[in-house]
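The values are calculated or read from the model by the stated rules, or taken from the named source; none is laboratory data. Being a predicted model, the structure only gives us computed values, none of them experimental. Ideal geometry is used to build each Cβ from the backbone, glycine not excepted, and the neighbour counts take in all protein chains shown. The protein model used for the area step is the full one, side chains on, heavy atoms only, and it has no ligands, DNA or RNA in it. Shrake-Rupley method; radii C 1.70, N 1.55, O 1.52, S 1.80 Å.
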Amino acid sequence: MLHETSGIKLTIFYDAFDRARFFNGFLTSVRLMAVCLVASVVIGVVGAWIQGSRLRVLRLITQGYIQFFRNTPPLVQLYFFYFALGSYLKLTTGNGIAVPIVSNFTWAAICLSFYAGAFNVEIFRAGIEAVPRETLEAAESLGYSRLKAYAYVILPLAFRISLPALNNNLVNLIKTTTIAYAIAVPEMLYVANQIWSDESNVPEMMNVLLITYVSLVGILVWVMGRWERGLRIPGYSPA
Amino acid sequence: MPWTPDQPLVRLADVHKTFGGGVEVLKGITMDVMKGEVICIIGPSGSGKSTLLRCVNALVPIDRGSILVEGQEVNDPKLDKLALRRKVGMVFQQYNLFPHKTALENVMMAPVHVLKRDKKEVERQALALIAKVRLTGKEESYPGELSGGQQQRIAIARSLAMNPDVMLFDEVTAALDPETVKGVLVTIRELAEDGMTCMIVTHEMGFAREVANRVYFTDGGVLVEHGPPKEFFASPRDPRTRQFLDQIL
Ligand SMILES: Nc1ncnc2c1ncn2[C@@H]1O[C@H](COP(=O)(O)OP(=O)(O)O)[C@@H](O)[C@H]1O
Ligand SMILES: [Mg+2]
């Protein structure tokens, strides 16, 4: 055993209980990342669409949302959601125990999606603005409504322009999911903490965490890079 | 009163347009374009030629006056833009093709997305249109892989795929390399010979003389004079027209 010869305690590789704990934490993290990646991109697209809308009220609400999430620390946002909003959203069951309606995991997913979504709105808006006005006019003069022009012409182009910035923000999102730790979502950092408390193997678990995160970010960057290459248009270089 | 083909297909009456800055760009334009007629609009840069065309397909809303396209009033808050734009095709100076779509897809997109026509049937028409603009073999090329002249011919085919009744051309050769201008002009002339109603803004005087039924000269937002090309070019009456023609001929 490695532990006996060198003193390195990688319990997650030989202790069934720790392995299961860590694996569940890993799955929770990946699930949180996947949900937030998709939701934040959807929020970005919808928000960017609203920012171009004629309704001032909608634009102002979106603007307020972006400012709130961009200018406050994500950890504070998470606490705000969980402790401030979460304390109201409770059901009292028959035997008098208050049960939260929204789970910790869901709060983290909501908060992180909106946090990354705020940046995505700005990223997509910049992409949309980089599509020449003339391209929209060409679509309009072919009878496209604003919605259809966006769906078929503007967004596909804006998306390509936005991809590098989107890449950065999604990498950032992956890393930020660790703050779910603060509201006891049993994700990777949280279970690592449990493990090193039990086994007193902080350095080992730190290394495991770092390597796992580097790998996850690496996978995302690789997928996004492939996607970017797949979307590349012959003879065209976006703005 | 329903529109009949013996009435002007496009009828502008006292059209006024002022942009945000406060400068009046169109100061009361009145003109009739009959079905099958080809008119060329010439005039110095900034005289409002592009704005005039863009008002006809409601890319630019007008302040005052009336524009009727086949009897449909364009200056109407309840305007059915789709109905109007099915009738009016427009080709721009910068082609404005959709860069993420192939030439064939560019031609097919609007009929499929907007008119919801059958894809197979649209493809057949699109291939025929691409052949008509002499670009068979370039169907799978992306706009970025085509020359300016080729892109412009695809842009013309893209407009034609909507089966418009009138085509607007806004200085469609102004951005092209000299050697590719001819191909585009030939395409437009063939269209005109097929009986397409055309409103053409151009700086190509030789082309205007050849293809137009009527030439209009604009300056400072007004139509200064118009006439059949032979008379117009041989004996312009207004000094502003004469000065303009002297400069560029
Ligand atoms: N969208 C716009 N907003 C403000 N001013 C405009 C706009 N479009 C055109 N103009 C102004 O209107 C005038 C006429 O422009 P334009 O119709 O493009 O002339 P032309 O095509 O004859 O060169 C110019 O002075 C131009 O600056
Ligand atoms: Mg112009």
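Structure values in brief
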| item | result |
| --- | --- |
| Charge context of A:Leu112, other residues only, Cβ under 15 angstrom, K/R +1, D/E -1 | +2 |
| Drop in accessible area of at least 40 Å² in the complex versus isolated chain, residues of region A:198-235, 1.4 Å probe | A:Ile233, A:Pro234 |
| Within chain A, helix-based [θ] at 222 nm, where runs of 4 or more DSSP H residues each add -39,500 (n - 2.57), nearest 500 | -23500 deg cm²/dmol |
| Accessible area that becomes buried as B packs against A, both chains, 1.4 Å probe, Å², nearest 100 | 1900 Å² |
| For residues of B:90-97, the mean tally of beta carbons on other chains within 10 Å | 4 |
| The protein assembly as shown, accessible area per residue, ligands and nucleic acids excluded (1.4 Å, Å²) | 47 Å² |
| Heavy-atom accessible surface of chain B: percent carbon and sulfur, 1.4 Å | 49 percent |
| By accessible area with a 1.4 Å probe, ligands and nucleic acids excluded, highest first: order of A:Asp198, B:Asp165, B:Asp170 | A:Asp198, B:Asp165, B:Asp170 |
| Whole-percent carbon and sulfur share, accessible surface of chain A, 1.4 Å | 67 percent |
| Accessible surface, 1.4 Å probe, highest first, among residues A:Ile179, B:Ile42 | A:Ile179, B:Ile42 |
| Mean separation of Cα contacts under 8 Å, 6 or more apart, over the residue count of region A:1-105: relative contact order % | 10 percent |
| Which of B:Pro229, B:Val211, B:Val201, positive extreme of dipole for region B:135-249 (C-beta unit charges) | B:Pro229 |
| Gaussian network model of chain B, springs between alpha carbon atoms under 10 Å - residue of B:Glu225, B:Glu210, B:Glu179 with greatest fluctuation | B:Glu179 |
| Subset of B:Lys119/B:Lys182; B:Lys87/B:Lys116; B:Lys27/B:Lys78; B:Lys17/B:Lys81 violating a 26 Å alpha-carbon distance limit | B:Lys119/B:Lys182 |
| Interchain or long-range residues, amide H under 5 Å from B:Cys198's placed H | B:Glu37, B:Val38, B:Ile39, B:Met167 |
| Three-way shape call for chain A based on the alpha-carbon gyration tensor, with the a/c threshold at 1.5 | oblate |
